[in-house]
């Protein structure tokens, strides 16, 4: 079976039209023309949009998770409805609703241009996903922890903040990393909001160069840029995870 | 396991066979619809000025026309033509020197004058009125280049397609749109109370059909000949009058 796989790979390498690939995906002139803007504008904006959306999303997700676990029924209803709605809608549609729907309906638009609208639009979606992750994390902390904390005289709020949440977040580092990486790639949807030369993120940046040059090379360049962002990030999180694991012992 | 490798081998040879034979003799056209009235879908059929002109050209070449609505990205990356998905693209593509480095254009078939459309309640009457305001343009178009070259101090926001720009206009995110006269005129026609066409700017730029850089010289030559013939015998004008 491995032999066959090797054969398939060898055949692909042999039959591939390398000249064609080089011309369409690795045009050196175009690669050169994209620097430094692909970093100073494209990558920079992708990172800023992601960071802001993630920050907004996680705060909002924590609130939603606590509402979902609340003993007050209307809180639970709200959180459930919110999560089902924004987890069910494509992110692109949510972004359009935030960017164009709000001003159409209320004559008021979120300030801050693409950054404001994009971060809030993506944050709304990310919060729905992360709320479920955080809820699962809280529920994964043994019940006895809360009972012990309460029996020491802590209020339930204090126990949640100092005993339960730190343990819960340790548990959910891997799924939260997943969400962060997804979010990095979802920033490519922000093109629908329109962009100024200074507000383009990586994918939009590539597509604009692509349209000007009629060549696919920009896609290769930003594909590498995305990996340069995500790989160190996931490496960092793995280290963090190992550290958390070691501390537990 | 044996069966799996057998299935794989069959699959691969089928794929090879399919690529080798490359379909029938129809001229496969890539486009990016909707962009009315140049290309759009009506009752499940692709039509519009670009499409109908291309159909007439295919007629001249004695071939059927097959339309593949592949989107703008595969066309603007050149991949649609290089990969053989289609032989030629017609998608209101403006001929620029930069683009001509990587694809070949037919002779120009349409002059793309630029125009300025403003929201009816904006009170703006010309490009200078956009100082400090938001102006919508379409990415990679002559309109975007024109706006940047004659920027009156506006915030120029680029959108992917006319649909997005007009949504932004309706939402008040932009006060006006600078782009090809065709979609602007179409919008004013359909929404006479919402927008006004206030200025037009003649540019020397025009649309061309696009083919891949190498190995399509014969096709390009026959397309150009067919186009010239259609202009001469009045078919071009007839199609033009159908759509404008």
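The values are calculated or read from the model by the stated rules, or taken from the named source; none is laboratory data. Quick caveat, the model's predicted, so the values are computed rather than measured. Here the Cβ positions follow ideal geometry from the backbone for every residue, glycine too, while neighbour counts run over all protein chains shown.
Do the conditions hold for residue B:204, that is, is it touching a strand residue (DSSP E or B) at 6+ places or on another chain (Cβ under 9 Å) and part of a loop (DSSP other than H, G, I, E, B)? Against the criterion (touching a strand residue (DSSP E or B) at 6+ places or on another chain (Cβ under 9 Å) and part of a loop (DSSP other than H, G, I, E, B)), residue B:204 qualifies.
Counted as qualifying within the stretch B:128-194 are the strands (runs of 3 or more DSSP E) with 2 or more residues that are touching a residue at least 24 places away in the same chain (Cβ under 8 Å), namely B:134-138, B:176-180. In the stretch A:135-147 there is no residue matching the filter, namely being touching a helix residue (DSSP H, G or I) at 6+ places or on another chain (Cβ under 6 Å), in contact (Cβ under 8 Å) with a residue 24 or more places away in the chain, within 12 Å of chain B (Cβ to nearest Cβ) and outside any helix (DSSP H, G or I). On inspection, residue A:30 passes the criterion of being within 13 Å of chain B (Cβ to nearest Cβ), out of contact with any strand residue (DSSP E or B) (no Cβ under 9 Å at 6 or more places or on another chain), crowded, with 20+ Cβ neighbours inside 10 Å and under 18 Å from residue B:77 (Cβ atoms).
Starting from residues that are in a helix (DSSP H, G or I), touching a residue at least 40 places away in the same chain (Cβ under 8 Å) and farther than 24 Å from residue A:111 by Cβ, keep the ones in the stretch A:65-83 and report whichever is nearest to the other protein chains (Cβ to nearest Cβ). Before you say what the answer is, go through the steps one by one.
As a first pass, look at the stretch A:65-83 and keep what is in a helix (DSSP H, G or I): A:65-68, A:73-83.
Within this subset, residues satisfying the condition of being touching a residue at least 40 places away in the same chain (Cβ under 8 Å) are A:65-66, A:68, A:79, A:82-83.
Narrowing the set further to residues that are farther than 24 Å from residue A:111 by Cβ leaves A:65-66, A:68, A:79, A:83.
Details: A:65: 33, A:66: 34, A:68: 33, A:79: 29, A:83: 27 Å.
Ranking the qualifying residues of the stretch A:65-83, first place goes to A:83.
Scanning the stretch A:193-213 for residues that are at the interface with chain B (Cβ under 9 Å from one of its Cβ atoms), surrounded by 24 or more Cβ atoms within 10 Å (Cβ to Cβ) and in a loop (DSSP other than H, G, I, E, B) yields A:194, A:200. Screening residue B:63 on (1) over 18 Å from residue B:162 (Cα atoms); (2) at pLDDT below 90; (3) part of a loop (DSSP other than H, G, I, E, B) shows it passes everything except condition (2). Scanning the stretch B:66-82 for residues that are part of a loop (DSSP other than H, G, I, E, B) and more than 7 Å from chain A (Cβ to nearest Cβ) gives B:70, B:71.
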